[in-house]
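Only one structure is covered here, and it is reproduced in the block below.
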Amino acid sequence: MKNYDFLIVGSGLYGAVFAREMTNVGKKCLVIDKRNHTGGNVYCENKEGINIHKYGPHIFHTNDKKIWDYVNSYVEFNNFIYSPLANYKGDLYNLPFNMNTFYQLWKIKSPVEILEKIKNQVDTAGFTTPSNLEEQAINMVGKDIYEILIKGYTEKQWGRKAIDLPTFIIKRLPVRFTFDNNYFTDKYQGIPIGGYNKLIDGLLAGIEVKTGVDFFENRDKLSRLADRVVYTGKLDEFYNYKFGHLEYRSLRFEHEYMNQPNYQGVSVMNFTEKTIPYTRIIEHKHFEFSKQSGTVVTKEYPQEWKPGMEAYYPINDAANTEKLKQYNKLVKNEPNVIFGGRLAEYKYYDMHQVIASALTKTKALKETF
């Protein structure tokens with residue numbers, strides 16, 4: 001006899017939302033996580049009253065009022081607006097690329113003149129049909145911005161030359177011709193007051209959760225506990241890497257507490273020089289407008305993923321896309337397993353997209369009960 005309706009492998013946003021929705025309709029769920037904490041990559045570690053985004057900065061943003069209301073029903077969000085800066089050889093530039101950036105770079109105030117300058121650089125480059133990221137970026141913003149603010153950062157982030165990266169990576173980059181430093185254009189944006197742990201704790205309230213449990217160490221035994229498994233881990237690992245590893249970029253973080261109230265005056269500063277090994281410095285207290293006497297800063301170092309490392313960004317090139325197709329054929333033959341989230345779907349998701357995906361899946365399931 002099964003003890004649970006659902007065994008949920010992973011307590012990140014997808015798993016937590018799934019467990020909440022199923023519990024709300026009377027289904028019994030067990031949530032397990034390999035880590036010694038819940039929340040996946042949105043987990044916050046508190047130091048000296050500061051919520052540290054342990055696995056990199058997470059800014060919630062969405063245009064979907066239902067999603068916004070949903071998360072706010074578990075924890076109130078503040079009105080944080082993401083406005084990072086770029087540092088190139090000590091000079092600072094506003095992000096995303098906007099009239100402030102262009103003025104800092106060229107001392108030009110007119111949008112018409114800016115457009116003309118970029119057009120001239122694009123025409124000179126002559127990439128009518130961009131075939132890689134470098135050509136696509138120059139085609140969007142010209143050579144000056146590409147060389148100063150894109151090339152070095154991108155090549156550090158992906159560990160590959162820009163000419164070897166696909167065009168789609170850069171296409172979502174915001175470019176605007178107003179003096180607007182708000183990185184996201186979404187109507188709703190913020191950080192949970194008290195940190196993301198409050199959101200996860202709210203979603204998992206009253207649900208049985210076991211941390212420090214590795215699904216693959218007791219796979220058969222754990223799977224027998226429930227009618228269905230909800231799997232949010234790496235897709236290739238579920239199939240014991242039958243078609244080889246799906247590749248990722250990983251990250252390494254160096255956290256440092258400083259006995260001063262303010263280090264850089266902004267939550268995130270990108271470092272776009274190739275010679276600086278980290279891509280950005282995060283100062284966590286600015287996410288929640290904190291007033292502590294000290295501060296915590298984190299340097300973020302991209303690195304090539306290897307087995308045993310945390311997987312962050314899927315590398316959706318041709319080779320990995322082909323492997324993914326092979327794995328997805330196997331997924332179709334798993335009637336008692338639900339695959340969800342960025343790792344199980346090998347897809348880059350923003351947080352609101354993860355929640356929307358879990359809500360869509362659970363809504364469909366509820367209609368079958």
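Less than 5 angstrom separates the built amide H of Leu95 from those of Ala86, all sequence-distant by 5 or more or on a different chain. Using Cα springs under 10 Å in a Gaussian network model of the chain, which residue among Leu330, Leu13, Leu359 shows the largest mean-square fluctuation? Answer for the Gaussian network model of the chain: Leu330. Loop-located GluC sites (Glu not before Pro) in segment 299-363 (DSSP state not H, G, I, E or B) with no more than 16 neighbouring Cβ atoms inside 10 Å: Glu310.
Note on Asn3/Asn333: beta-carbon distance plugged into 1/(1 + (r/R0)^6) with R0 of 30 Å gives a FRET efficiency of 0.75.
Annotation for segment 78-139: trypsin sites (Lys or Arg not before Pro) lying in DSSP loop with at most 11 further Cβ atoms inside 10 Å of their Cβ are Lys89, Lys107, Lys109.
Each residue of segment 211-228 was assigned a 3J(HN,Hα) from its phi angle through the Karplus curve 6.51 cos²θ - 1.76 cosθ + 1.60 (θ = phi - 60°); the sequence is 9, x, 10, 8, 3, 7, 6, 9, 4, 5, 5, 5, 4, 6, 6, 9, 5, 9 Hz, with glycine and proline shown as x. Electrostatic bookkeeping for Asp64 treats Lys and Arg as +1 and Asp and Glu as -1; over the other residues with beta carbon under 12 Å from its beta carbon, the sum is 0. A viscosity of 0.890 mPa s and a temperature of 25 °C, combined with the Kirkwood radius over Cα pairs in Stokes-Einstein, give a translational diffusion coefficient for segment 56-156 of 152 µm²/s.
Determine the gain in length on full extension of the stretch Ile193-Asp144; use 0.36 nm per residue of separation and subtract their C-alpha separation, reporting nm with one decimal.
Between Ile193 and Asp144, full extension yields an extra 13.7 nm.
The lysine pair count for segment 295-356, using Cα distances under 30 Å and pairs eight or more places apart or on different chains, is 11. DSSP assigns beta bridges within the chain; of those with both partners inside it, close to 60 percent run antiparallel. Normalised per residue, the accessible area of segment 121-233 is 49 Å², obtained with a 1.4 Å probe and no contribution from ligands, DNA or RNA. Labels on offer are (i) 26.1, 85; (ii) 22.0, 72; (iii) 19.5, 58, and the one holding Rg and Dmax of the Cα atoms in Å computed from this structure is (ii).
Spherically averaged projected area of the convex hull of Cα atoms, segment 277-343: 8.0 nm². Of the accessible area of segment 1-127, computed with a 1.4 Å probe over protein heavy atoms only, carbon and sulfur atoms account for 48 percent. Divided by 2.2 N^0.38 Å, where N counts the residues, the Cα radius of gyration of segment 164-259 comes to 1.65. Quick one: check the C-alpha center-to-center distance for segment 80-150 versus segment 224-238, whole angstrom. Segment 80-150 and segment 224-238 have Cα centres spaced 44 Å from each other. Using only side-chain charges placed at the Cβ, +1 for Lys and Arg and -1 for Asp and Glu, the dipole size of the chain relative to its Cα centre rounds to 600 debye. Evaluating 6.51 cos²θ - 1.76 cosθ + 1.60 at θ = phi - 60° for every residue in segment 93-101, the Karplus couplings come out as 9, 6, 10, x, 4, 8, 4, 4, 4 Hz, glycine and proline recorded as x.
Give me D for segment 1-59 in µm² s⁻¹, whole number, from Stokes-Einstein with Rh from the Kirkwood sum over alpha-carbon pairs, 4 °C and 1.567 mPa s. Estimated diffusion coefficient is 101 µm²/s. Using just its DSSP H runs of length 4 or more, each adding -39500 (n - 2.57), the chain gives a mean residue ellipticity at 222 nm of -9000 deg cm²/dmol after division by all residues. The amide H of Glu208, built 1.01 Å from its N in the peptide plane, has Cys29, Val31 as neighbours under 5 Å, considering only residues 5 or more places off or on other chains.
Surface composition of segment 284-334: carbon and sulfur make up 51 percent of the accessible area, probe 1.4 Å.
Entry note, the chain: relative contact order of 26 percent, from Cα contacts under 8 Å with a spacing of 6+ residues.
Descending by average beta-carbon neighbour count within 10 Å, the peptides 184-196, 156-168 line up as 184-196, 156-168, the highest first.
Which residue, chosen from Val141, Phe184, Ile207, occupies the Cα position most advanced towards the positive end of the dipole of segment 122-244, where the dipole is computed from +1 (Lys, Arg) and -1 (Asp, Glu) charges on Cβ about the Cα centre? Projecting each Cα onto the dipole axis, the largest value belongs to Ile207. Scanning residues 5 or more positions from Phe77 or on other chains, those with amide H under 5 Å from its amide H are Ile193, with H placed 1.01 Å from N in the peptide plane.
Taking all protein chains into account, the per residue accessible area for segment 252-314 stands at 47 Å² (1.4 Å probe).
Compute the orientation-averaged projected area for segment 28-67 from the convex hull of its Cα atoms and round it to one decimal in nm². Could the numbers behind the result be given before it?
On the way: hull surface 19.7 nm².
Spelled out: convex hull of the Cα atoms, projected over all directions, averaged, 4.9 nm².
Residues in segment 161-174 carry Karplus couplings, in order, of 5, 4, 6, 9, 9, x, 5, 5, 4, 9, 5, 7, 5, x Hz; the curve used is 6.51 cos²θ - 1.76 cosθ + 1.60 with θ = phi - 60°, and Gly or Pro positions show x.
Centroid-to-centroid, using Cα positions, segment 242-268 and segment 6-71 are 19 Å apart. Charge tally around Leu359: other residues with Cβ under 14 Å, Lys/Arg +1 each, Asp/Glu -1 each, net +2. Considering only Ser293, Ser267, Ser223, the Gaussian network model of the chain with Cα springs below 10 Å gives its largest mean-square fluctuation to Ser293.
Surface composition of segment 196-273: carbon and sulfur atoms hold 42% of the protein heavy-atom accessible area at a 1.4 Å probe.
The values are calculated or read from the model by the stated rules, or taken from the named source; none is laboratory data. As the structure is a prediction and not an experimental result, all values here were calculated from the model. Don't worry about glycine lacking a Cβ; one is built from the backbone with ideal geometry, like all the others, and counts go over all protein chains shown. We work out accessible area using only protein heavy atoms, side chains counted, and drop any ligands, DNA or RNA first. Shrake-Rupley method; radii C 1.70, N 1.55, O 1.52, S 1.80 Å.
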